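I have placed the structure first, in the form of structure tokens, so that the comments after it can refer back to it.
Laboratory data are not the source of any read-out in this text; all were calculated from the coordinates shown. This one's a predicted model, so the numbers in the text were calculated from it and none came from an experiment. Ideal geometry is used to build each Cβ from the backbone, glycine not excepted, and the neighbour counts take in all protein chains shown.
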Amino acid sequence: EDAVDFATSAKLFFVIGSSLVVEPAASLPRIAKEQGATLAILNRDPTALDAVADFVYQCSIGEFFHTVNQQWA
């Protein structure tokens with residue numbers, strides 16, 4: 001219930017390392033997107049929500065944050 005409330009009011013919803021298969025958590029990004037949130041997905045493999053996401057980063061979590069750290073350092 002709290003998670004749905006947070007998803008409903010989110011401005012940015014960032015999915016990190018999830019296949020978005022297991023419910024009920026898999027519904028939260030779609031709920032956030034339907035309420036106007038920017039949806040970013042970071043996962044090694046494609047997900048069912050990649051097509052509706054605003055940003056999709058298909059790489060490992062470590063690789064992503066290493067690159068971010070290098071850019072901001």
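Between Leu12 and Asp45, residue separation times 0.36 nm minus the direct Cα-Cα distance comes to 9.8 nm. In sequence order, the stretch 19-35 has phi-based couplings of 7, 6, 10, 7, 8, x, 4, 5, 7, 4, x, 5, 4, 4, 4, 4, 8 Hz under the Karplus curve 6.51 cos²θ - 1.76 cosθ + 1.60, θ = phi - 60°, and Gly or Pro positions carry x.
Quick one: net charge of Tyr57's neighbours, Cβ under 14 Å, K/R +1, D/E -1? In short, -3.
Taking the Cα centre of the chain as reference, the dipole from Cβ charges on Lys and Arg (+1) and Asp and Glu (-1) amounts to some 200 debye. Entry note, the chain: the mean residue ellipticity at 222 nm calculated from DSSP H runs of n ≥ 4, each adding -39500 (n - 2.57), is -10500 deg cm²/dmol after division by the residues and rounding to the nearest 500.
Provide the packing ranking of 24-33, 9-18, 62-71, i.e. peptides ordered by the mean count of other C-beta atoms within 10 Å per residue, highest first.
The densest-packed peptide leads the list: 24-33, 9-18, 62-71.
Between helix 61-72 and the chain there is an angle of about 70 degrees, using the helix long axis and the longest principal axis of the Cα atoms.
Put +1 on the Cβ of each Lys and Arg and -1 on the Cβ of each Asp and Glu in the chain; which of Ile16, Ala73, Gly36 then has its Cα farthest toward the positive end of the dipole? So the residue furthest toward the plus end is Ala73. Cβ-Cβ distance of Ala25 and Glu63, R₀ of 30 Å, FRET efficiency by 1/(1 + (r/R0)^6): the value works out to about 0.80.
Dividing the alpha-carbon radius of gyration of the stretch 2-72 by the rule-of-thumb value 2.2 N^0.38 Å gives 1.11.
Just want to confirm a number: the relative contact order over the chain, from Cα pairs under 8 angstrom separated by 6+ residues, in percent. Result for the chain is 28 percent.
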